[in-house]
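This report refers to the structure that appears directly beneath it.
The values are calculated or read from the model by the stated rules, or taken from the named source; none is laboratory data. All values reported here derive from a predicted model rather than from experimental measurement. Glycine gets a Cβ as well: all are built from the backbone with ideal geometry, and neighbour counts include every protein chain shown.
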Amino acid sequence: MPGTGSGVSLGTAASLLESVTHGEAKAEKVFPGPGGLTGIEVTLQGHPTVAFATADGRYLVAGPVLNKQGEDEAHTAMVKLGLIPKPASAGALAAKAAGADSFVLGTGGPEITAFVDPNCIFCHKFYEEAKPLIEAGKLRVRYVVVAFLKPSSMPKAAAILGAADPAAAMAKNEKGFDAVTEEGGIAPAQNPAAATLSAVENNTRLLGESGEMATPTLIYCNSKGEPTLVHGLGKESFMDFAAHIGNLQNGACRK
């Protein structure tokens, strides 16, 4: 991790955590953090995490700490400390996604994989931007439906994956998407089958292997024929993006 840290002691870090969290969090060790911060390995309610202290030991920085490349230094620290698994490679994740409970929209063009949550507004944006290309036979999208954003995400995801026609159920969710409340339009499944719930859970766990619970997460083949993973939508137009991708089939890049 970049930076040399500030040298805040474990005792100072422990005192800061004790004060801020009212004794709910425990400092396990300290380490050099970015930008003069001191990293703190923390146990909170039985779960490991990372926080940072300012050089004077008076302020606690919890949550994402982004560098100028947009990378989360807290997440990087957790991987290096072994608190969370190292993210799977794009190729390994693509192969697993190909065997997951999913469905493909489109019959022609290169294929990409998209992890989506029914209540994700950026997934809705992706769906709408991909739709014309799919209908024109220029793109295929393998949708891997996950659930983590809201309490209604799981029953909505189950309603999609458990439907006789998941593609039609997905279309219903997107057609009725409420951009104000950021809620998908499909009615939550009332009594979903255990197998369907298990499929959604497995898909969500698979997304976690990417290193970040973010949607949409896309896996595609770049212009060099290499599996590539991105979290979220890029700044370029989706039309330009789709024009420069290769074909992902059964988890591998094909010509």
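Here are some residues: G99, G46. Which one is in the same structural domain as V145 (by TED's automatic domain parsing), surrounded by fewer than 17 Cβ atoms within 10 Å (Cβ to Cβ) and under 20 Å from G208 (Cβ atoms)? Exactly one of G99, G46 is in the same structural domain as V145 (by TED's automatic domain parsing), surrounded by fewer than 17 Cβ atoms within 10 Å (Cβ to Cβ) and under 20 Å from G208 (Cβ atoms), namely G99. When the stretch 241-255 is examined, which residues are found to be in contact with a helix residue (DSSP H, G or I) (Cβ under 8 Å, 6 or more places away or on another chain), small (G, A, S) and assigned to a loop (DSSP other than H, G, I, E, B)? Within the stretch 241-255, G251 is the sole residue that qualifies. Any idea how many residues of the stretch 135-144 are within 21 Å of E236 (Cβ to Cβ) and either aromatic (F, W, Y) or surrounded by 20 or more Cβ atoms within 10 Å (Cβ to Cβ) (or both)? So the answer is 3.
Remark: pairs (first residue in the stretch 145-171, within 16 Å of P216 (Cα to Cα); second residue acidic (D, E) and crowded, with 20+ Cβ neighbours inside 10 Å; Cβ separation under 7 Å; 6+ apart in sequence or on different chains) = V146/D117; A147/D117; F148/D117; L149/D117; S153/D117. Going through (1) more than 28 Å from T204 (Cβ to Cβ); (2) at pLDDT 95 or above one by one, K26 falls short only on (2).
Those strands (runs of 3 or more DSSP E) of the stretch 23-125 in which at least 2 residues are over 30 Å from A193 (Cα atoms), considering only elements entirely within it, cover 25-32, 38-44, 47-53, 60-62. Would you say S19 is in the same structural domain as T217 (by TED's automatic domain parsing) and at pLDDT 90 or above? No: the conditions fail for S19. A147 meets each of the listed conditions (1) surrounded by fewer than 17 Cβ atoms within 10 Å (Cβ to Cβ); (2) modelled with pLDDT of 95 or more apart from (1). Kindly indicate whether any position in the stretch 70-79 is under 20 Å from A214 (Cα atoms), of a type in the set (S, T, Y) and in the same structural domain as N203 (by TED's automatic domain parsing). Checking the stretch 70-79: not a single residue is under 20 Å from A214 (Cα atoms), of a type in the set (S, T, Y) and in the same structural domain as N203 (by TED's automatic domain parsing). Taking the stretch 9-29 as the region of interest, how many residues are β-branched (V, I, T) and closer than 26 Å to M213 by Cα? Number of matching residues: 1.
The residues of the stretch 134-157 that are under 20 Å from K96 (Cα atoms) and touching a helix residue (DSSP H, G or I) at 6+ places or on another chain (Cβ under 6 Å), listed by number, are V141, V144, V145, V146, A147, F148, A157.
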